[in-house]
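This report concerns only the one structure given below.
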Amino acid sequence: MVKRYELTDAQWQRIKALLPGKASDPGRTAADNRLFVNGVLWVLRSGAHWHDLPERYGEGKAVHKRFRRWCESGVFARVLETLAGDADAEYMSIDSTSVRAHQHSAGAQKKMARAKPSADPAVG
């Protein structure tokens, strides 16, 4: 039985070759790619913070760090492109209604403190 937000066996079979950490890849072999991807999907679809990630997926800070590396290297773009045609993959869609941004992330100018008129030596 597939848990909420997790990949089906068929979806996993389609993407596992796209992920870094295979035995044929140089460097460290990943033993937990499926668990990691399922943890990322849990955070993205639930809207929870990374630190609220259930323990079964690993420590939230470490999962987020790996997620950022995979995003920067294009791994998740390839995965989502591969799974985009699945009829049951609508839960993988991420748009502005499911992504919350911090209030300071909008790029607004920071308010500068204005000097009090009495502090201006020209006023007197």
inquiry  = Starting from the 7 Å offset along Cα-to-Cβ, what nm value, one decimal, do you get for the label separation of Lys16 and Lys65?
reply    = 2.7 nm
Residue-span extension gain [Asp32 to His49] - 0.36 nm each, minus C-alpha spacing = 4.0 nm
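Read-outs throughout are calculated quantities, based only on the coordinates presented, and are distinct from any laboratory measurement. Everything numeric in this text was worked out from a predicted model, so none of it was measured. A quick note on method: Cβ atoms are made from the backbone with ideal geometry, for glycine too, and the neighbour counts reach across all protein chains shown.
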